[in-house]
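The values are calculated or read from the model by the stated rules, or taken from the named source; none is laboratory data. Source: prediction; values computed, not measured. All Cβ positions, glycine included, derive from the backbone under ideal geometry; neighbour counts span all protein chains shown. These accessible areas exclude ligands, DNA and RNA; they are computed on the full protein's heavy atoms, side chains included. Shrake-Rupley method; radii C 1.70, N 1.55, O 1.52, S 1.80 Å.
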Amino acid sequence: MVPNPLGRAISQILLQGRIISAVARREIQLKAAKGLFGVAGVFFEPLALIGTFLLLRVLIRGAGEGDYINPVLWLASGFVPFFMFTEVAIKALGGVEKGGDLYFYRRLRPLDSLMGNALLSSQIFATLMLLFILGVSAWEWQLAVAVPGFAIFIYLGFSLLGFGVGLSTLILGHRLPILAWIVKTFLRRFLLWTSCIFFPIRVIPDEFRHWILWNPLAHGVELFRQSLNPYYPAPDVSALYFWSWVVGSIGFGLLIYGNNEELLYLSEQLSDADKVIDAD
Amino acid sequence: MPNPSTAAEHLVIEARQVSKHLPAGVAELRKAFADLSLDVHRGHRLALFSANAYEARALLDCLSGIERPDQGSVLHHGSVSWPVGSNQAFHNKLSGYMNARFAAEIYSPPGKVEDDLRLIQEVSGADDRLFHQPLGSWHSSMQKTLRLAVSLAFDFDVLAVGKIGNWDHRELHPESTRIRTLFEERIDGRTLIMAAPGQQKLALDYCDMGLAIVDGRLVYQGDPEICLELIKEEKQRTKDELRDEYNARLARLKDNDEGAEEYDD
């Protein structure tokens, strides 16, 4: 009997979905097995940063944002998507070695493991964001998100962008570990200060704005804030630019991954021929 | 004469000029096998014999796909299990249930995950409480049985059998019988490849073809009994060589000692 190609494709997609969710579940189980701090630790860094900056705002009255969006939610809407993006990208960069034992099951490909990790990080940070939204909504006694669909759409964009950037640099980072280190530092340090997390884009003068708006994360953060309040001013910010980066990075990442997947399976080998103990 | 096209259709594993070296100490390698080509057809029951256990096991790892050969290629035309009895994907911090579930999510057919988990629990002999305990707290023999149960829970076109530690297939104990029944169900009408070192009886009982590897080279392919004899002879030859070498060294040392005593006198 000739198998139906469409049916086969659907069953393959369903199988891949099942494998990805199994990897994500295993990751959270491993975090939970480390004890309470295993899971809570994920929330700690963004919460600590948000707390610190909120404290600074309280001490220096008038600094930061607050006219359009609740200050806590304004900070959270920058930190949470950004940390999710870096977590997804960095895990994709280093996740292949970490998940090495999983490839014992040959049906599981490195891409499944990377997608599973990305799914879990996205779920964890989505939960954190939801907690902030619900908390602020309860505090102000009105729903803190004006356009929930748009918020979800942009949030997914962050997750996919992180995955795309991680996947694009994965193969190069595998070959040149120094490059992986540079990308990690760039993601963690440089982008943190240029992604509109601490300042709204409108406060940047027109002539300097393009120095910030090359960064797709700055577009994403400001768009996310617009989904909370459509009147939030975000001059020159473009959803098209943001999504072009998302689609471009995923496409480029999949392209180089598809051509180099075999590289990821190769372990370091002691290949010096003169060191071989040969029975001959 | 077999029809070549039919024979090609029934091919499940093709190994072409594969070589593999394994780490032996710091920055040194030893040869497991070299330049080996092999066709495995559907329904074959093949035992791999070698004087050094690592040779047969390394070849099985390459044929099953959990290891890549240093040179050459291994092609699969169907699903091939990992070496039954081992499982590097198990994590000691996770419970037996979680480890088994992860494997089931990957290999069970849709809608069969729960059934396969029940089968794994039954074959492993773990009760509900133990099954949900971290694997690290399990007795090592129970861990081995769980590895075996997970390996046998899913359908593969080719079953690769590595070293099975704690199962005597000839025993009449209910647990052994349960595993034997499942094992025979899994190989029924399918292909079996087994690493024979350390489990010759199992190999002779279930395999109808053997491969003898000596010094990393394929020296004979055919009757498993003959393979076993060849390997026994090779082991004996190696032992004799070693004994002669040691005796010669002892004699040299003795001569040196006597020479030194005469000099002292």
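Can you give the mean number of other chain Cβ atoms that lie within 10 Å of the Cβ atoms in peptide B:85-93?
For this peptide, the per-residue mean of nearby foreign Cβ atoms is 4.
Springs between alpha-carbon atoms under 10 Å, Gaussian network over chain B: tell me which of B:I231, B:I66, B:I120 tops the mean-square fluctuations.
B:I66
Hey, which of these cross-link pairs are over 25 Å Cα-Cα: B:K144/B:K201; B:K144/B:K232; B:K20/B:K232?
Over 25 Å apart, Cα to Cα: B:K144/B:K232.
Given the peptides A:136-144, A:4-12, A:229-237, A:24-32, arrange them by the average over their residues of other C-beta atoms within 10 Å, most packed first.
The most tightly packed comes first, giving A:24-32, A:229-237, A:136-144, A:4-12.
With n ≥ 4 as the cut-off for DSSP H runs, can you work out [θ] at 222 nm for the protein assembly as shown, using -39500 (n - 2.57) per run divided by the number of residues, rounded to the nearest 500?
The helix-only estimate for the protein assembly as shown comes to -19500 deg cm²/dmol at 222 nm.
Relative contact order, percent, of the stretch B:107-153 when contacts are C-alpha pairs under 8 Å separated by at least 6 residues?
46 percent.
Please report, as a whole percent, how much of the solvent-accessible surface of the protein assembly as shown comes from carbon and sulfur atoms (probe radius 1.4 Å).
Here carbon and sulfur together make up 59 percent of the probe-accessible area.
Calculate how large, on average over all directions, the projected area of the Cα convex hull of chain B is; give the answer in nm² to one decimal.
20.2 nm²
At 1.4 Å probe size, with no ligands or nucleic acids counted, give the accessible surface of A:L179 in Å², nearest ten.
60 Å²
Suppose we look only past 25 Å in the calculated P(r) of the stretch B:29-135. What percent of the Cα-Cα pairs does that tail hold?
Pairs farther apart than 25 Å: 39 percent.
How much solvent-accessible surface does B:K112 expose, in Å² to the nearest 10, with a 1.4 Å probe and all protein chains in place?
Counting only protein heavy atoms, the figure is 80 Å².
Calculate, for the protein assembly as shown, the solvent-accessible area per residue in square angstrom, rolling a 1.4 angstrom probe over the heavy atoms of the protein chains.
Averaged over the residues of the protein assembly as shown, the accessible area is 51 Å².
Just to make sure I understand: if all protein chains stay in place, what is the order of B:R129, B:R237, B:R45 by accessible area at 1.4 Å, largest first?
Ranking B:R129, B:R237, B:R45 by accessible area, largest first, yields B:R129, B:R237, B:R45.
Based on alpha-carbon atoms only, what is the radius of gyration of the stretch A:26-261 relative to the globular estimate 2.2 N^0.38 Å?
1.04
Just to be sure I understand the model, the point goes 7 Å from the Cα along the line to the Cβ. What's the resulting A:L54 to B:R249 distance in nm?
7.3 nm
Per-residue accessible area for B:W82 at 1.4 Å probe radius, Å² rounded to 10?
10 Å²
Report D for the stretch A:136-219 in µm² per second (integer): Stokes-Einstein, Kirkwood Rh on Cα pairs, 25 °C, 0.890 mPa s.
Estimated via Stokes-Einstein, D reaches 159 µm²/s.
Sort B:83-90, B:220-227 for me by packing, meaning the mean count of neighbouring Cβ atoms within 10 Å per residue, highest on top.
Going from most to least packed, we get B:83-90, B:220-227.
At 0.36 nm per residue, minus the direct Cα-Cα distance, what do B:S79 and B:L11 gain on full extension? Give it in nm, one decimal, please.
Between B:S79 and B:L11, full extension yields an extra 23.3 nm.
Leaving ligands and nucleic acids out of the surface, order B:D215, B:D244 by accessible area at 1.4 Å, largest first.
B:D244, B:D215
Using the Kirkwood formula on the Cα atoms of the protein assembly as shown, what hydrodynamic radius do you get, in angstrom to one decimal?
With all distinct Cα pairs of the protein assembly as shown included, I get 27.5 Å.
Mind checking how much accessible area A and B bury in total, 1.4 Å probe, in Å² rounded to 100?
3100 Å²
Give me a single rounded figure for B:99-112: the average over its residues of other chain Cβ atoms within 10 Å of their Cβ.
Per residue, the average neighbour count from other chains is 4.
So for the pair A:R175, B:Y220, with labels modelled 7 Å out along Cα→Cβ, what separation do we get in nm?
My value for the distance between the label points is 4.9 nm.
At R0 = 25 Å, how high is the FRET efficiency between A:H210 and A:V247 if r is their beta carbon distance? Nearest 0.05 is fine.
0.70
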